[in-house]
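K.L.:
Can you read through this structure? Questions will come right after.
Bear in mind that the values in this text are calculations on the coordinates, not laboratory data. Quick caveat: nothing in here was measured; it's all calculated off a predicted structure. Virtual Cβ from ideal backbone geometry, glycine too; neighbours counted across all protein chains shown.
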Amino acid sequence: MGTGTHELACHHCGAVFRRVPLEPGESSRCLRCDSVLESYSRFSAREWLAIVIATGIVFILANAFPEVTLFVQGKGQAASLIDAVRVTWESGYPEVAAMTFAAGFLLPLAHICLLFWILGALAFGRLPVFFKESLHLLDALLPWCMVPVFLMGVLVAVVKMAGLASLVPGIGLFATAVLAVFITMLTGLSSHKLLTMAHDMGLDAPVEKTPRAPTPALFARTWALILAACIMYLPANFLPIMEIASIGGASSHTILGGVIELWGMGSWDIALVVFIASVAVPIFKIVALSTLVFLAQVRSTSQLKQRTQLYKVVEFIGQWSMLDVFVVILLSALGRFGNLLTIKPSGGAAAFGCVVVLTMLAAMGFDPRLAWRRAGHRRHLSSQRANITLN
């Protein structure tokens, strides 16, 4: 059954509903799994375009100025994301440098430019060239734009270095904080929301097709990614994630060692954030994904709605495991004082970055609709309306 402009498909359980125009403050939910299908857009295309332009300006400020400057015995060392990427590359870890450059700079920039391209046309009542292709690319970019995670990484790095030297926040830090807010707002502009916006404006936008039924072949691919993540998790935790050399001697730090150090400094709140993001979240993702895949594979019919909610949690927290990688590269950029102080990344950072990417790919590669289909829920509900609720 093709999906017309007045139908909504649930990407979590496969049900299809008749679309109903929403009023301010309303959202439509799936009757089967309770996932949000659509929410009323508070802003018009022109208002969204203004937000995108403001985001672009703040993005330039966040990357043109240093996040923070570290002073050791009168010498100052400033660091921005680009500085951190360059130092990491020069330290012999190009894979970590490329990963952080993509997640913290290149992909967020592409996201902003793509939204400007789409909304710039919609704001003037026309469809952009390559509209359909732009929407597909937009959905592919969204999970990998990690500006909010980078901001938290800056704050953790500041706390780690506060006891060793004097730190002065830069314009880049304040701009990154504002940018994180704007990027979070823009994540609500999915391809579905932009497509329905175009339809509601009366434009001849392409019809959103019902997603193809998931194939059981996804099981093998997801298991392979989970197994690879488990293998990389061992060196990620046992190898040092960074090395510090100073007048007092040299030392290396693992992920857990960094958590213990923060706790010993009295920063128990930051230590807890790092522990959750870098230790608890990867383990939780691996265990949760393994459970979801196994239950779908054995055609379990129990707690399907709860399993769908669990998948959404795994999807949401995926990028936050990148926190420690951002912390390490920032400390490497700040700690460049020759014999006085030198900080550089180590093998654990590369391994941990692989764990983050592998678990995110595993989560994105697994289709939660498989659990519903293998449990016998294949009937589309196109004759019914989705549940309309107040936000």
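K.L.:
If I model a spin label at residue 276 and residue 224 as a point 7 Å from the Cα along the Cα→Cβ vector, what separation in nanometres do I get?
P.N.:
Roughly 3.5 nm, to one decimal.
K.L.:
With no other cysteine's Cβ closer than 4.7 Å, which Cys residues of the chain count as lacking a disulfide-compatible partner?
P.N.:
Cysteines of the chain left without a disulfide-compatible partner: 113, 145, 230, 354.
K.L.:
Also, I was wondering about something else. So what is the calculated 222 nm ellipticity per residue for the chain, using -39500 (n - 2.57) for each DSSP H run with n of 4 or more, over all residues, to the nearest 500 deg cm²/dmol?
P.N.:
For the chain, the value works out to -17500 deg cm²/dmol.
K.L.:
Using the number of other C-beta atoms within 10 angstrom as an exposure proxy, rank 215, 100 with the fewest first. Please list the in-between numbers first.
P.N.:
Numbers: 215 11, 100 29.
So the ranking, lowest neighbour count to highest, is 215, 100.
K.L.:
Here's a follow-up. Among the lysines in the chain, how many pairs, 8 or more places apart or on different chains, have alpha carbons under 15 Å apart?
P.N.:
Count of close lysine pairs: 5.
K.L.:
Taking springs between alpha-carbon atoms closer than 10 angstrom, which of 280, 97, 157 fluctuates most in the Gaussian network model of the chain?
P.N.:
Highest fluctuation of the listed residues: 280.
K.L.:
Regarding segment 47-147, what are the three Cα extents along the principal axes, ordered largest first, in Å?
P.N.:
59, 27, 17
K.L.:
I would also like to ask the following. From a point 7 Å beyond the Cα of residue 316 in the direction of its Cβ, which residues of segment 147-189 have a backbone N at a distance under 20 Å?
P.N.:
147-153, 180-189
K.L.:
Next question. Evaluate the distance, in nm, between pseudo-label points positioned 7 Å from the Cα of residue 204 and of residue 269 along their respective Cα→Cβ axes.
P.N.:
Result for the modelled spin labels: 5.7 nm.
K.L.:
For the pair residue 142 and residue 251, how long in nm is the line joining their label points, each one 7 Å along Cα→Cβ?
P.N.:
It works out to 4.3 nm between the two label points.
K.L.:
Separate question: Looking only at 98, 351, 250, which one moves most when the chain is put into a Gaussian network model with springs between Cα atoms under 10 Å?
P.N.:
250
K.L.:
If each residue's Cβ is checked for other Cβ atoms within 10 Å, how do 269, 83 rank with the fewest at the top? Don't skip to the end; give the middle numbers.
P.N.:
Details: 269 11, 83 19.
Arranged by neighbour count, lowest to highest, 269, 83 become 269, 83.
K.L.:
Taking amide H atoms as placed 1.01 Å from N in the peptide plane, list the residues 5 or more away in sequence, or in a different chain, whose amide H sits under 5 Å from that of residue 15.
P.N.:
Excluding prolines and chain starts, which carry no amide H, the hits are 10.
K.L.:
Hey, with R₀ at 25 Å, roughly what FRET efficiency would residue 167 and residue 50 work out to, going by the Cβ-Cβ distance, to 0.05?
P.N.:
Working from the Cβ atoms, E equals 0.15.
K.L.:
Could you check which residue among 188, 365, 266 shows the biggest mean-square fluctuation in a GNM of the chain with a 10 Å Cα cutoff?
P.N.:
Judging by the Gaussian network model, the answer is 266.
K.L.:
Hey, another quick one. Arrange the following residues from fewest to most other Cβ atoms within 10 Å of their Cβ: 367, 324.
P.N.:
Least to most surrounded, the residues fall as 367, 324.
K.L.:
If the chain between residue 364 and residue 39 were fully stretched, how many nm would it gain, using 0.36 nm times the residue separation less the Cα-Cα distance?
P.N.:
That pair, residue 364 and residue 39, stretches by 114.7 nm at full extension.
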